[in-house]
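Okay, structure first, notes after.
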Amino acid sequence: VSAAQTTITSNTGSITTDGSATITVQAKDQFGNDLTESGGTVTLTPSLGSVGTVTDNNNGTYAATFTSGTLGTANITGTIASNAITDTENVSVTIGAPSAVTSTLAANDSSITADETATVTLQLKDAAGNNYTASAGNIVLFSTTSGASMSGATDNND
């Protein structure tokens, strides 16, 4: 097996924080030919996020799942038979779907009288707790159980 010829690829160049990518290693010989049997143990290391257990398919290929709750670009490096693989793979991680569990709702005043107003702010976050930094679309409705009225929502695009 040649670590200089072996390749690391992803089934996608970008995932969301609630998604995953399959990382594939193709073991090759010194001439760049695909191996058809195991080339030894493969380890994969991402610069952010995590890579699950690497499965040796015993046909020259290896597979693992990459996930990340951290935004950015993961550079995935690896070793085969304890030798550093020259090739690397980059996977961009973007924000996932809004989460009602991690998003926050806060008022600028916790108590008001009948003739006062308060501003209520919703900060959308994905399941990993990353703040949305752009509009996520329209808020359908804010409501209250106290009988008070609420004006329409303003999207601050953040």
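The values are calculated or read from the model by the stated rules, or taken from the named source; none is laboratory data. As the structure is a prediction and not an experimental result, all values here were calculated from the model. Here the Cβ positions follow ideal geometry from the backbone for every residue, glycine too, while neighbour counts run over all protein chains shown. Ligands, DNA and RNA are stripped out before the accessible areas are found, and what is left, the full protein with its side chains, is counted by its heavy atoms. Shrake-Rupley method; radii C 1.70, N 1.55, O 1.52, S 1.80 Å.
Of note:
- Local electrostatic count, Asn58, Cβ distance below 15 Å [Lys/Arg +1, Asp/Glu -1]: -3
- C-alpha center-to-center spacing [the stretch 67-138, the stretch 16-58] in angstrom: 27
- Springs join every pair of Cα atoms under 10 Å in this Gaussian network model of the chain, and among Thr144, Thr12, Thr41 the largest mean-square fluctuation is at Thr144.
- Sum of side-chain charges, Ser68 neighbourhood, beta-carbon under 15 Å (Lys, Arg +1; Asp, Glu -1): -3
- Label zone at Thr24, where the point sits 7 Å out along the Cα-to-Cβ direction: the stretch 47-84 residues whose backbone N lies under 20 Å: 51-67, 75-81
- Computed over the chain with a Gaussian network model linking Cα atoms closer than 10 Å, the most mobile of Ser99, Ser47, Ser111 is Ser111.
- Placing one equal scatterer on every Cα of the chain and applying the Debye formula, the log10 ratio I(q)/I(0) at q = 0.09, 0.10, 0.20, 0.21 Å⁻¹ is -0.47, -0.53, -1.13, -1.20.
- When the charge dipole of the chain is built from unit charges on Cβ atoms (+1 for Lys and Arg, -1 for Asp and Glu) and taken about the Cα centre, the candidate among Ser146, Thr17, Asn157 whose Cα reaches farthest toward its positive end is Thr17.
- Whole-Hz ³J(HN,Hα) from phi, Karplus 6.51 cos²θ - 1.76 cosθ + 1.60, for the stretch 71-83, glycine and proline x: 6, x, 10, 8, 9, 9, 10, x, 10, 9, 6, 6, 10
- Residues Ile95, Ile8 ordered from highest to lowest accessible area at a 1.4 Å probe: Ile95, Ile8.
- The stretch 1-95, accessible surface, carbon-and-sulfur percent (1.4 angstrom probe): 45
- Surface per residue (accessible, 1.4 Å probe) for the chain, Å²: 59
- Count Lys and Arg as plus one, Asp and Glu as minus one, and take only other residues whose Cβ is under 13 Å from that of Thr121; the net charge is then -2.
- Efficiency of FRET between Asp158 and Thr45 - r from beta-carbon atoms, R0 22 angstrom, step 0.05: 0.05
- Taking amide H atoms as placed 1.01 Å from N in the peptide plane, the amide H of Gly78 lies under 5 Å from those of Thr45, Ile85, each 5 or more residues away in sequence or on another chain.
- Phi-derived couplings, Karplus 6.51 cos²θ - 1.76 cosθ + 1.60 at θ = phi - 60°, listed residue by residue for the stretch 98-115: x, 10, 5, 6, 9, 5, 10, 10, 9, 10, 6, 8, 7, 8, 9, 8, 4, 9 Hz, with x used for Gly and Pro.
- Semi-axis lengths, largest first, of the ellipsoid equivalent to the stretch 110-158 are 25, 12, 10 Å, with √(5λ) applied to each eigenvalue of the Cα gyration tensor.
- Maximal additional length on extending the Thr145-Thr53 stretch stands at 28.3 nm, based on 0.36 nm per residue less the C-alpha distance.
- Charging the Cβ of each Asp and Glu at -1 and of each Lys and Arg at +1, and nothing else, the dipole of the chain about its Cα centre rounds to 200 debye.
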